[in-house]
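The values are calculated or read from the model by the stated rules, or taken from the named source; none is laboratory data. What you see is a predicted model, and the numbers here were worked out from it, not measured in a lab. Cβ placement follows ideal geometry from the backbone for every residue including glycine, while neighbour counts extend to all protein chains displayed.
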Amino acid sequence: MSGAPQAAAFLRPPTLLRAWTQAETAIWGSKPSWYQVSSADRMIDPANEKRLAERMGARKIVTLSASHASLASMPAEVSAPINQAAKATSA
C-alpha cells in the first residue's frame with residue numbers, strides 16, 4: 001500500500017477525547033529525544049524549533065536546509081536521525 005490509500009489509513013484526525021485529555025508529563029522529559037529543524041520553514045520559525053529542542057534536552061539537533069515539508073523533499077536526511085534514535089534507544 002502506498003500513496004493516498006496509505007495516508008488515509010494512517011493519518012486520522014485526533015479524536016475529541018484526545019483533544020480534551022491533558023498529558024500528565026511530557027515524554028521527552030524522561031526519554032531521549034532527537035530533533036530536526038528545517039532552516040527554511042515558513043510555518044514554524046526555525047529559531048523557535050531550536051529553542052524547543054534545547055529546552056527538551058535533545059541529544060542531537062539536526063538542521064536541514066529544507067522547508068516545512070522536509071520529509072517529502074529530503075526523506076533520507078530526515079530518516080537518518082530517526083534511525084539513529086531507534087538504534088540508540090533499542091539497546
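Quick look at the values:
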| read-out | value |
| --- | --- |
| Single residue of Ala66, Ala58, Ala40, Ala47 found to be in a helix (DSSP H, G or I) and aliphatic (A, V, I, L, M) | Ala47 |
| Segment 55-91, residues that are out of contact with any helix residue (DSSP H, G or I) (no Cβ under 9 Å at 6 or more places or on another chain), modelled with pLDDT of 95 or more and closer than 25 Å to Ser30 by Cα | none |
| Segment 25-55 - residue that is under 23 Å from Pro75 (Cβ atoms) and among the polar types (S, T, N, Q) and, of those, surrounded by the fewest Cβ atoms within 10 Å (Cβ to Cβ) | Ser39 |
